[in-house]
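The values are calculated or read from the model by the stated rules, or taken from the named source; none is laboratory data. In this text, all values refer to a predicted model and were calculated from it rather than measured experimentally. Neighbour counts are summed over all protein chains in view; Cβ atoms, including those assigned to glycine, are modelled from backbone coordinates with ideal geometry. For the accessible areas, the whole protein counts, side chains as well, though only heavy atoms, and no ligand, DNA or RNA atoms are used. Shrake-Rupley method; radii C 1.70, N 1.55, O 1.52, S 1.80 Å.
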Amino acid sequence: MPLPKPPATKAALLTPVDFEAQAAPRTDKKSLKTTAVAEPATGSLNLHDAAASAAAPAKVPAAKPATSPMPTKAPSLAAAPRPRSRKPRGDGPPKLFVLDTNVLMHDPMSLFRFEEHDVFLPMITLEELDGHKKGMSEVARNARQVSRELDALATDSALDPKSGIPLAKTGHKDAGGKLFFQTTLFDIKLPDGLPQGKADNQILGVVKSLREQHAGRDVVLVSKDINMRVKARALGLAAEDYFNDKVLEDGDLLYTGVLQLPGDFWERHGKTMESWQQGGQTFYRISGPLVPALMVNQFVFLESPGAAALYARVTEITGKTAVLKTLKDYTHAKNSVWGVTARNREQNFALNLLMDAECDFVSLTGTAGTGKTLMTLAAGLSQVLDDRRYTEIIVTRVTVPVGEDIGFLPGTEEEKMGPWMGALDDNLEVLARGDGSAGEWGRAATQDLVRSKIKIKSLNFMRGRTFLNKFVLIDEAQNLTPKQMKTLITRAGPGTKIVCLGNLAQIDTPYLTEGSSGLTYAVDRFKGWPHSGHVMLARGERSRLADFASEVL
């Protein structure tokens, strides 16, 4: 057994507490220090024992109860932490959110996204859900999932709908509020100009009635419909958009995949830098203040007048060090990909990702004319026909409206997708132009060979498929929802590369924004993964007319 602590001053005696502390469980230093300076055990017991206090009342100080030493407690009790209670974010009572039907059809799990606040569903919302549950579209699938979630919440017959159903009942611990259904007919009073039979106006009437019934509570309408929110605010009702599906609040905060190095990069990181060459490329191991801001497969560049430019990619981050690898120069004609060379810095970065066999997922964003589709097709044809790395190219894109039937177009699946693939045909004409000395027969043979390796598939029939050793191109990916993006990416089997192309400024799908697009979702989730990369193309290379039009129109 360890010896007790020595006395702090000369000629001081050890108290019995010091001896007992050696056999008691060890506590933190703070509690031991408090015990060492406390009063002897006899005086401490007099503060708690009523009989001892009655027998010797003069020993207990009555004038200074607050400044007297604290009674000595057991070390285990002194060190016991107090349980921390969960505090709501707001100071007042929980809010009551009235959900519009489009919120539930947009995100089936939106019921559980409001933390400690309560959720109210009008009866007309359930009626609209019932009307949209049939079909194979994404909206119909979401409506059916919402119905299943509501059924799981309302299965217990002992629950009273008027008192609310706990949303955490089905295992969603983050949802601390309750779910309320409209069980009575409200006395709806709206302006005479609004037709009473319209579903949106009935929901507005429910919100107005709830605000009158719950005067001391915030009643907020949540809707993805802009006109619905405008009408609510015109009537003096609180209305908000559904923000939980947004990955980023501002599209300008999206990861670009490119970082410009500061001008003093070599001065601040050159002292501890290690460099070596392998496979014709130069590697740099750096350590310094810039390392925490880097991500794997992020491109860095340093362009300074009078010095050689540095174009590299981050290949490894270990602790406080990072490894940079110089790039292959695809701007030179000797490194052309299926006859295509990079015309600017970002295109060179993109071709390095597209031609890398270790990069399984690539996303390219940029405005019209930046060369996204052309470079991707060139890289795919080069790796399918020349390198034999993949067996074929599979091209798909979103048909707006998303998930609906292609239409009553004649022909097979590829022929039905033909009207949506005009951009693909335009780029294939450029790539199949080839050498003019081959003649008409040679160009026709090349086009037949190229088209035999490209398969056009519809998004509607992707569920359940698995692609083995394929080069998958997803065009117009900005119109995908996060759920659809997950469905497509999880189709990848061994040896498959998926490339997502899109322009976040051209979103055509209703209720999707730059912050909630599936492309934004994928870029934000895949950044930093060693087998993925992203580049935001900034400069258009289509023509001088297109570049000038994009600036002035």
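Taking Pro108 as meeting all but one of (1) in a loop (DSSP other than H, G, I, E, B); (2) open to solvent by 20 Å² or more (accessible area, probe 1.4 Å), write down the number of the exception.
(2)
Taking interchain pairs and intrachain pairs at least six residues apart, which have beta carbon atoms under 6 angstrom, with the first residue in the stretch 182-196 and surrounded by 10 or more Cβ atoms within 10 Å (Cβ to Cβ) and the second assigned to a loop (DSSP other than H, G, I, E, B)?
Between residues of the stretch 182-196 that are surrounded by 10 or more Cβ atoms within 10 Å (Cβ to Cβ) and residues that are assigned to a loop (DSSP other than H, G, I, E, B), the close pairs are Gln182/Pro122.
Is one or more of the residues making up the stretch 525-544 within 26 Å of Val384 (Cβ to Cβ) and modelled with pLDDT under 90?
yes
On the basis of being of a type outside the set (Val, Ile, Thr), surrounded by fewer than 22 Cβ atoms within 10 Å (Cβ to Cβ) and either within 17 Å of Ser363 (Cα to Cα) or touching a residue at least 60 places away in the same chain (Cβ under 8 Å) (or both), does Asn479 make the cut?
Criteria not met by Asn479.
Tell me the residue from Val258, Val291, Val300 that is under 15 Å from Lys325 (Cα atoms) and either in contact (Cβ under 8 Å) with a residue 60 or more places away in the chain or open to solvent by 60 Å² or more (accessible area, probe 1.4 Å) (or both), please.
Among Val258, Val291, Val300, only Val258 is under 15 Å from Lys325 (Cα atoms) and either in contact (Cβ under 8 Å) with a residue 60 or more places away in the chain or open to solvent by 60 Å² or more (accessible area, probe 1.4 Å) (or both).
Of all residues in the stretch 145-173, which are under 30 Å from Met462 (Cα atoms) and either open to solvent by 60 Å² or more (accessible area, probe 1.4 Å) or of a type in the set (A, V, I, L, M, F, W, C) (or both)?
Val146, Arg148, Leu150, Asp151, Ala152
Are there strands (runs of 3 or more DSSP E) fully within the stretch 434-553 with at least 1 residues that are in contact with a Ser or Thr (Cβ under 9 Å, 6 or more places away or on another chain) and under 26 Å from Arg343 (Cβ atoms)? List them.
Those strands (runs of 3 or more DSSP E) span 470-475, 497-502, 532-537.
Please specify each residue of the stretch 313-350 satisfying the condition of being at positive phi and without any contact (Cβ under 8 Å) to a residue 60 or more places away in the chain.
Correct list: Gly319 only.
Any residue that is over 30 Å from Gly502 (Cα atoms) and open to solvent by 30 Å² or more (accessible area, probe 1.4 Å) - is there at least one of those in the stretch 224-232?
yes
Output the residues belonging to the stretch 430-477 that are under 31 Å from the mean Cα position of the chain (by Cα), at pLDDT below 85 and of a type in the set (A, V, I, L, M).
Once the filter is applied, which keeps residues that are under 31 Å from the mean Cα position of the chain (by Cα), at pLDDT below 85 and of a type in the set (A, V, I, L, M), the stretch 430-477 yields Ile456, Leu459, Met462.
Got a number for residues in the stretch 130-144 being assigned to a loop (DSSP other than H, G, I, E, B) and either free of Cβ contacts under 8 Å to residues at least 40 places away in the same chain or open to solvent by 70 Å² or more (accessible area, probe 1.4 Å) (or both)?
So the count comes out to 5.
From the list Leu221, Leu248, which residue is within 27 Å of Gly515 (Cα to Cα), surrounded by 11 or more Cβ atoms within 10 Å (Cβ to Cβ), of a type in the set (A, V, I, L, M, F, W, C) and modelled with pLDDT under 90?
Residue meeting the stated conditions: Leu248.
In contact (Cβ under 8 Å) with a residue 40 or more places away in the chain, assigned to a helix (DSSP H, G or I) and surrounded by fewer than 19 Cβ atoms within 10 Å (Cβ to Cβ): does that describe Leu353?
No.
Quick one: Arg211 ticks every box in (1) open to solvent by 70 Å² or more (accessible area, probe 1.4 Å); (2) assigned to a helix (DSSP H, G or I); (3) under 24 Å from Tyr511 (Cβ atoms) except a single one, so which number is it?
(3)
Looking at (1) at pLDDT 90 or above; (2) open to solvent by 20 Å² or more (accessible area, probe 1.4 Å); (3) farther than 30 Å from Ser223 by Cβ, which is the only condition Tyr521 fails?
Of the numbered conditions (1) at pLDDT 90 or above; (2) open to solvent by 20 Å² or more (accessible area, probe 1.4 Å); (3) farther than 30 Å from Ser223 by Cβ, the odd one out for Tyr521 is (3).
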